[in-house]
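As structure tokens, the structure follows; a few thoughts come after it.
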Amino acid sequence: MENTMPDDLWKDSFDKLLDIQPQLRNLNIIKQSVRPALNMDSSVENSNIGTELNVSFQNKENDSLESYIPRFCPISTPYTYCKKFICEMSPITGINLDGLECNKEIHKNSLFKRKVCFEDSSKDKKNESFDCEVPKNLLLKPGKWRKSLNIWRRTQNIFPEKGCMCSKASCVTTITRPFSRRKTIFKKNCTVNFKNEILQHCQQTKPTSFDFEYAECNMINTKKIGEGVYGEVFRYTPSSGNRHNFKTDDVVLKIIPIEGATEINGEMQKTFKQILPEIIISKKMSSLRNGKTNITSGFANLNKVKIVSGKYPQHLIMLWERYDHKNKSENEHPQIFRDDQLFLVLEMNYAGSDISNYTFKNAEQSYNVLLQVIITLAIGEEVYEFEHRDLHWGNILIEKTNKKRILYKFNGEKLAVCSKGVIVTIIDYTLSRVTIDECCHFNDLSTDEELFTATGDYQYDIYRMMRKELGNNWSSFAPKTNVLWLSYLISKLQGKVKYESEHTRTHKINLQKLKDLHNTILSYKSAADCLRCLFKLS
Ligand SMILES: Nc1ncnc2c1ncn2[C@@H]1O[C@H](COP(=O)(O)OP(=O)(O)OP(=O)(O)O)[C@@H](O)[C@H]1O
């Protein structure tokens, strides 16, 4: 039975879109007039991801769509039928899903003008005039894409520090480092000593010893629970002498090497300057739990920030190895750090497991999780012009709670959401944008080609949609980007997350509520706009 093909195997991406956007049927768009799934993002999910995506194109001279049909790619629409479905519209990225408006700009950028690498341009002199900026086969795993991107780079023999090396394709591409572009626009004229500023945030005058701060004797039940490209994440229970406020909440340490000259996990270490905004954003978002007119506990609870230096404590190294043994770490062994390595440590409350690993009771629970995310984003928008910009399902954590209701305040108005037994926390502000004290902090992705070329999940469409929404100006405030991530989240809650029981009436009613909201979500301008409508606020 396990080898039986899924019932919806016959569906191509447009068929699937009709399931979730039934109003498209009213437009009477017939399949013959829809282009094949050149955008492979969504359709590839049900395909054999291991199969190489061949995006070499046969004929570059003719600018018509036909010349850009891949010769072979693992899409659910069989290639033999591709040429039948030709028009200038893509069911995924060619239209705005809410307005059903044909999005010519995206066409220009991502389909017709998409620059590609030819496998062997030396055989064809004409190819020399064709810029080769978009890498081949950039198929990333859903969720934490930085790791996936680094693995892709390694397999393609691309070394970012040299700009690019493309060993097989005879083209020179410019692969820029995507994640070191954290910027802050200061509206007031001021010069900042980043190191001192960070030490102030840490309430330190100089870095303290890593071994001393995180000695084994002060930490109980410690284990490594996660990793990102920038850091290792450990969880522990503070030993009684080390509990500051008599709470027994478990602590999470996110340990990020900084300021060193060596690359870690394929990335240059962040500098004081680059890490400061992450500290500021984390602190401010966390402080919203103690706000006056706006209150949410939906952003990670940051208790402390510390700068430590020295070798990794031996007990953490052992836990790192245990995790590696069990889960196969993609990060480098912490033994590689020198004795004078600096680390930034963010101490947060443990906030559960991420949505991709969570099994919901039913859609009623997941619908209430969605409401918690909407309210939290809305409050972030109101107070700090916050856009998360990377809210994939690995960055939304869920934990069980005994509280019946989660309470919020939005512009002075008290709101409550039934918890249905779970509480939500949003994490990871690496790409986030905020305005704090007249400074705008953001991550400039304007020259990042890789992220906008990636495929493999609807997630990667969202980065392209954000770029369009922002006009590639990443400092500007466009809360619609939060709405785009909500649309992504709803699609995951409908079809991708795990449910304990799917046959109850409650589940079906709430799944319908998710579908209804999915049909309208992109018509909202911001999470706050959506919240006002859902809670009938003025
Ligand atoms: N407060 C927390 N509670 C529980 N788990 C957490 C917490 N913070 C982080 N984690 C876990 O650690 C993982 C990595 O954290 P995070 O996303 O903040 O790291 P990162 O280095 O920013 O990752 P990226 O590679 O996306 O930059 C998360 O996916 C999550 O599983």
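Rule-based calculations on the coordinates, nothing more; no lab input. These numbers were taken from a predicted model, which means no experiment stands behind them. Cβ coordinates were reconstructed from backbone atoms using ideal geometry, including for glycine residues, and neighbour counts include every protein chain displayed.
Selection among C440, T205, Q512 by position relative to the dipole of region 182-534 gives Q512 as farthest towards the positive end (Cβ unit charges, Cα centre). With the simple spin-label model, which puts each label point 7 Å out from Cα in the Cβ direction, the S353 to T155 separation comes to 2.6 nm. Remark: T481, T504 ranked as T504, T481, counting other beta-carbon atoms within 10 Å and listing the fewest first. Amide H to amide H distances under 5 Å link E232 with I255, where only residues 5 or more positions off or on other chains count and H is placed in the peptide plane.
For an R0 of 25 angstrom, estimate the FRET efficiency from the Cβ-Cβ distance between K206 and M268 and round to the nearest 0.05.
Once the sixth-power term is evaluated, E becomes 0.55.
All C-alpha pair distances within region 182-534, sorted into 20 Å bins from zero, spread as 28, 60, 12, 0 percent across the bins. On the beta carbon distance between K498 and N196, with R0 = 45 Å, the FRET formula returns roughly 0.45.
Relative contact order for region 351-463: 27 percent, from Cα pairs under 8 Å spaced at least 6 residues apart, divided by residue count.
Based on DSSP, what percent of beta bridges with both residues in region 182-534 are antiparallel, to the nearest 5? About 90 percent, rounded to the nearest 5. Residue ranges 310-321, 265-276, 405-416 sort as 265-276, 310-321, 405-416 when ordered by packing (mean number of other C-beta atoms within 10 Å per residue, highest first).
Extension gain for the segment A261 to S538, taken as residue separation times 0.36 nm less the Cα-Cα distance, is 94.4 nm to one decimal. Placing +1 on each Lys and Arg Cβ and -1 on each Asp and Glu Cβ, with no other charges, gives region 182-534 a dipole about its Cα centre of roughly 1360 debye.
Residue separation of K400 and K283 scaled by 0.36 nm, minus their Cα-Cα distance, works out to 39.7 nm of gained length. At an R0 of 22 angstrom, the distance between the Cβ atoms of I220 and E321 translates into a FRET efficiency of 0.65.
Charges were assigned to the Cβ only: +1 to each Lys and Arg, -1 to each Asp and Glu. The resulting dipole of region 302-401 about its Cα centre is roughly 460 debye.
With a cut-off of 11 Å on the backbone N, the residues of region 459-502 near the modelled label site 7 Å out from S446 along Cα-Cβ are 471-476.
Between N411 and S240, the modelled label-to-label distance comes to 5.0 nm, taking each label 7 Å out from Cα in the direction of the beta carbon.
When only Cα pairs under 8 Å and 6 or more residues apart are kept, what is the percent relative contact order across region 182-534?
Value for region 182-534: 18 percent.
Spacing of the modelled spin labels on Q512 and N290, each 7 Å from Cα toward Cβ, amounts to 4.6 nm.
Considering only Cα-Cα distances, which of the following residue pairs are longer than 21 Å: K284/K492; K223/K328; K224/K306; K254/K361; K224/K328; K270/K311? Listed pairs above 21 Å: K284/K492; K254/K361.
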